[in-house]
Amino acid sequence: MRPPKFGYVRVSSLDEAVKVLEADENAKVLAGGQSLMPMLKLRLIRPSYLVDINQVPNLSYISIEKDVIRFGALVRHHDVEVNGDLWKIYPILPETAIQIADPQVRNLGTMAGSLAHADPAADWPAALIALRARVRVLGPGGEREVPIDDFIKGPFTTDLGRGEVIKEVVVPRINGNVKSSYIKLERKAGDFAVVGVGVVIKLSNDGSIEDASIGVTAAGPKPFRAVDAEKALIGRKPTDDVIMDAAEKAMNMASPISDIRGSADYKKAMVKVITKKAIKSALSR
Ligand SMILES: Cc1cc2nc3c(=O)[nH]c(=O)nc-3n(C[C@H](O)[C@H](O)[C@H](O)COP(=O)(O)OP(=O)(O)OC[C@H]3O[C@@H](n4cnc5c(N)ncnc54)[C@H](O)[C@@H]3O)c2cc1C
């Protein structure tokens, strides 16, 4: 299908993007276009203007600092996938990137765009919930940081207000024996998740779990933190029984719908299976 008519503005700074977006509430940011263009072609949206940020300089950074890792608004899925340092620090990040769609989509699609789009089956939110990431937003009132848990409000709905853009995604670094993994169940390579689970675990010297953080996608109206599963792990040794208990608790928190990727019951059962796998995968590293 052909998209409806729209205007096009190519901006040279995020401040300029904010001005255009503030002046016209029907204008939309264009990043990788991998969600926006299909929505336009299906005429699900009718923006007045596309505000193209692709020529804004210095937005493609992955900045690995002492306490945080920063991902600029134009970091593509592929940039994360091929970053050797991330494979060492947080394998969950490139492991998530590599499971998104196909190489064409990964070469253009951005992490920030995925969060702004807020598809309930997107992969990044589960990994970023597990990493307790924050979203740095720039708007008419300046900059603010929103915890990822509060950023995604519901299906295709975020905390972004009028005139606001995502400037970067900030992932805190954790000292110590930290392990992480993202496991995605998909019907075929490149498909959206039937269910996806991200896990970050910190082990103490005695081998027990000091901290655990678990994000689940495609199993509810929005990706969620499996708090009950986290509580079931913290302070315990990761035995099979403890892991099974945590996986069951994640399942009990899920509220998926039946769709082309499976029935609600099947997806719920898969939350348990994939949570167990993700915990074991993280611990095996
Ligand atoms: C065939 C196909 C398969 C896919 N499979 C998967 C998959 O398996 N898993 C998965 O997670 N995703 C999948 N996707 C979606 C893909 O990951 C997109 O790249 C991503 O959802 C959107 O990123 P983008 O940069 O392309 O954003 P765009 O399409 O440019 O924008 C998406 C939305 O975000 C807004 N936006 C973008 N950047 C910003 C910003 N910095 N600030 C504020 N708003 C912004 C736009 O205005 C728009 O509303 C798939 C897409 C396709 C086409």
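Regarding region 62-172, what's the average projected area of the Cα-atom convex hull, expressed in nm²?
So the mean shadow area of the Cα hull is 6.5 nm².
Give the residue from Thr110, Leu131, Leu36 lying farthest towards the positive end of the charge dipole for the chain; charges sit on Cβ (+1 for Lys and Arg, -1 for Asp and Glu) and the dipole is referred to the Cα centre.
Projecting each Cα onto the dipole axis, the largest value belongs to Leu36.
Roughly how tilted is helix 14-23, in degrees to the nearest 10 and between 0 and 90, from the longest Cα axis of the chain?
70 degrees
Given charges of +1 on the Cβ of Lys and Arg and -1 on the Cβ of Asp and Glu, with all other atoms neutral, how large is the dipole of the chain about its Cα centre, in debye to the nearest 20? The partial results should precede the final answer.
On the way: 40 positive and 35 negative charges, 118 e Å.
For the chain, the charge dipole is close to 560 debye.
Taking a cut-off of 16 Å between Cα atoms, list the lysines near Lys88, but don't count ones fewer than 8 places away on the same chain.
Lys66, Lys179, Lys202
Would you mind pulling out the separation of the Cα centroids of region 104-150 and region 152-179, in Å?
4 Å
Where the only charges are on Cβ atoms (+1 Lys, Arg; -1 Asp, Glu), what is the dipole of region 62-172 about its Cα centre, to the nearest 20 debye?
Approximately 180 debye in magnitude.
Just rank Tyr49, Tyr61, fewest to most, by other beta-carbon atoms within 10 angstrom.
Fewest-to-most Cβ neighbours within 10 Å comes out as Tyr61, Tyr49.
In 5 Å bins starting at zero, report the fraction of Cα pairs in region 136-285 per bin as a rounded %.
2, 10, 17, 19, 17, 15, 12, 7, 3, 1, 0
Evaluate the relative contact order of region 62-172 (contact order divided by residue number), counting alpha-carbon pairs under 8 angstrom at least 6 apart; express in whole percent.
Normalised by residue count, the contact order of region 62-172 is 29 percent.
Determine the principal axes of the Cα atoms in the chain, then give the extent along each, sorted from largest to smallest and rounded to whole angstroms.
Largest to smallest, the principal-axis extents are 57, 44, 32 Å.
Among Val146, Val137, which comes first, then next, by fewest other beta-carbon atoms within 10 Å?
With the sparsest Cβ surroundings first, the list reads Val146, Val137.
Loop-only GluC sites (Glu not before Pro) in region 58-149, please: DSSP not H, G, I, E or B, and at most 15 other Cβ atoms within 10 Å.
Passing sites in region 58-149 are Glu65.
Do the alpha carbons of any pairs in Lys19/Lys153; Lys28/Lys277; Lys5/Lys188; Lys188/Lys276 sit beyond 29 Å of each other, and which pairs?
Lys28/Lys277; Lys5/Lys188
Based solely on its DSSP helices, what 222 nm [θ] is calculated for the chain when runs of n ≥ 4 H residues each add -39,500 (n - 2.57) and the sum is averaged over all residues, nearest 500 deg cm²/dmol? Please report the intermediate quantities before stating the final value.
Details: 12 runs with 98 residues, N = 285.
Mean residue ellipticity, 222 nm, calculated: -9500 deg cm²/dmol.
Could you tell me which residue out of Ile174, Gly161, Gly190 lies farthest along the dipole of the chain toward its positive end? Charges go on the beta carbon: Lys and Arg +1, Asp and Glu -1, centred on the Cα centre.
Going by the charge dipole, the pick is Gly190.
Would you grab the residues whose amide H sits under 5 Å from the one on Lys153? Only those 5+ places off in sequence or on another chain, please, with H modelled 1.01 Å from N.
It is Thr158, Asp159, by chain and number.
Starting from the amide H of Ala133, placed 1.01 Å from N in the peptide plane, find each other amide H under 5 Å away whose residue is 5 or more places distant or on another chain.
Amide H to amide H, under 5 Å and 5 or more residues apart or across chains, Ala133 pairs with Ile148.
Can you tell me the 0 to 90 degree angle between the C-alpha axis of helix 264-283 and the longest principal axis of the chain, rounded to 10?
70 degrees
Using only Cα atoms, find the angle between the long axis of helix 240-253 and the longest principal axis of the chain, and express it within 0 to 90 degrees, rounded to the nearest 10.
Tilt relative to the chain: about 40 degrees.
What is the set of long-range amide H partners of Lys167 at a cut-off below 5 Å, with H atoms built 1.01 Å from backbone N?
Arg136, Val137, Leu138
FYI, it's all coordinate maths here, none of it is from the lab. A quick note: this is a predicted structure, and the numbers were derived from the prediction, not measured. All Cβ positions, glycine included, derive from the backbone under ideal geometry; neighbour counts span all protein chains shown.
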